[in-house]
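Here the structure comes first, spelled out in structure tokens, and everything after it is commentary.
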Amino acid sequence: MKQADVVIVGAGHGGAQCAIALRQNGFEGTVAMIGREPEPPYERPPLSKEYFAREKSFDRLYIRPPEFWEEKGVEITLNVEVTEVDPSARQLTLSDGSSLEYGALVWATGGDPRRLACPGADLAGIHFVRTRADCDQLMGEIDGGVRNIAVIGGGYIGLEAAAVLTKLDCKVTLLEALPRVLARVAGEELSSFYEAEHRAHGVDLRTGVTVEGFEGEGRITGVKLGDGTVLPADAIIVGIGIVPAVGPLIAAGAAGGNGVDVDEYCRTSLPDIYAIGDCAAFACDYAGGEVMRVESVQNANDMATCVAKAICGDAKPYHAFPWFWSNQYDLRLQTAGISAGYDATVVRGNPEDRSFSVVYLKEGKVVALDCVNMVKDYVQGRKLVEAGASPDPDRLADASVPLKELL
């Protein structure tokens, strides 16, 4: 039976960064990484942006060149996944029937695309944007002449995909069940702005609509809405979030509900088992201690470094500043902090100029910012969030006043 001092399950951003950080922090033991895709670690955000738009070739998405992992003594096993965890024996069972013993285990599996449970959901032509294979399949269909595409979900993945599809001369319909896009992560001002932008670029964007099922024989031909309307479609992209991939850990006794729970050192309730990234739920300092999962590259990478340091004997609580980004059309959105629980917003600049910021406050304190083509606000606004600043609302709304002057 194979054995490794540290086994990392998951070859995404978190898993890759954990292996890198272990070596950077002087770890000399054996490191094994398990990935269920055929490719070594690569960047995920470009899948719905530059890679999908054919602006980046796949070899430019590698987190490190493929030969890097062998040079650093990281043994990668691809095309397999963990089916069972035995914490008492410190042993993993893999999908190919083999077993692997670990000294410490790092669970960095992310999540699987959330699927719609409705009639026709198994028809060909229904796609997700989570892996290279997902994108390649859809890109192949577009190359083959598919042009009428419905996107289900008005979160960042859905909006980014819609923006790219318009560049590829596709007819795009975007369907969102909630009253506005980005409803779970942003205020009404940002939602209204992006809805207007997508419509201006030709997207048929509809909010407050539900999907009852898909029509077609063998392959999708239409989407049936809650009011009985059937929208013709040659292909579908479903972007309605993820389901944390933590089944084997939960089955082994790890605490968790929405993902797997971790403490301030990213440790699960099972001995010597850590969890990082999209699948890990933790008490977030920048959300008033609310236990949540944070789906971002920043969170995955910083959690990975936290775990690597702990394994190397330099444990420090996780307290990384959360930030996010999204590229749509010629718009660069940068988010600092977490807006959950905000009770007021202040807009800096004019959305009609396509350069503005939305500042989120809770009890007068700045908790987050969404900055559209406003890099200075993003950079300086981070410090307001970190300081828990309570600036004068009038000065905060004045875009001519640099945010650094409000500290």
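Would you mind stating whether Gln3 is part of a helix (DSSP H, G or I) and touching a residue at least 12 places away in the same chain (Cβ under 8 Å)? No.
Here Asp278 meets each of (1) over 28 Å from Ala163 (Cβ atoms); (2) of a type outside the set (A, V, I, L, M); (3) in contact with a strand residue (DSSP E or B) (Cβ under 8 Å, 6 or more places away or on another chain); (4) part of a helix (DSSP H, G or I) with one exception, condition (1). Name the residues in segment 244-275 that are part of a loop (DSSP other than H, G, I, E, B), touching a Cys at 6+ places or on another chain (Cβ under 8 Å) and within 17 Å of Gly10 (Cβ to Cβ), would you? Scanning segment 244-275 gives Ala245, Val246, Gly259, Cys266.
State which residue is surrounded by the fewest Cβ atoms within 10 Å (Cβ to Cβ) when the search covers only segment 167-178 and only residues that are modelled with pLDDT of 95 or more and within 23 Å of Arg54 (Cα to Cα). Don't jump to the end; show me each part of the working.
Quick first cut of segment 167-178, residues modelled with pLDDT of 95 or more only: 170-178.
Next, only the ones that are within 23 Å of Arg54 (Cα to Cα) stay: 170-174.
Details: Cys170: 19, Lys171: 16, Val172: 23, Thr173: 20, Leu174: 27.
Ranking the candidates gives Lys171 first.
The set of residues in segment 79-112 that are charged (D, E, K, R) and not in a loop (DSSP other than H, G, I, E, B) comprises Glu84, Asp86, Glu101, Asp112.
Scanning segment 43-63 turns up no residue that is out of contact with any Leu (no Cβ under 7 Å at 6 or more places or on another chain), surrounded by fewer than 15 Cβ atoms within 10 Å (Cβ to Cβ) and closer than 27 Å to Thr93 by Cβ.
In segment 327-334 there is at least one residue that is assigned to a strand (DSSP E or B), on the phi < 0 side of the Ramachandran plot and out of contact with any Phe, Trp or Tyr (no Cβ under 9 Å at 6 or more places or on another chain). Scanning segment 179-197 for residues that are surrounded by 15 or more Cβ atoms within 10 Å (Cβ to Cβ) and free of Cβ contacts under 8 Å to residues at least 40 places away in the same chain returns Arg180, Val181, Leu182, Ala183, Ser191, Glu195. Note on segment 341-373: residues that are under 17 Å from Trp325 (Cβ atoms), of a type outside the set (Phe, Trp, Tyr) and surrounded by fewer than 23 Cβ atoms within 10 Å (Cβ to Cβ) amount to 3. Taking the listed residues Gly213, Gly241, Gly222, the one that is in contact with a Pro (Cβ under 9 Å, 6 or more places away or on another chain), within 22 Å of Leu165 (Cβ to Cβ), surrounded by fewer than 21 Cβ atoms within 10 Å (Cβ to Cβ) and touching a residue at least 40 places away in the same chain (Cβ under 8 Å) is Gly241, with no other qualifying.
The values are calculated or read from the model by the stated rules, or taken from the named source; none is laboratory data. All values derive from a computational prediction rather than experimental measurement. Heads up, the Cβs are rebuilt from the backbone with ideal geometry, glycines too, and the neighbour counts pull from every protein chain shown.
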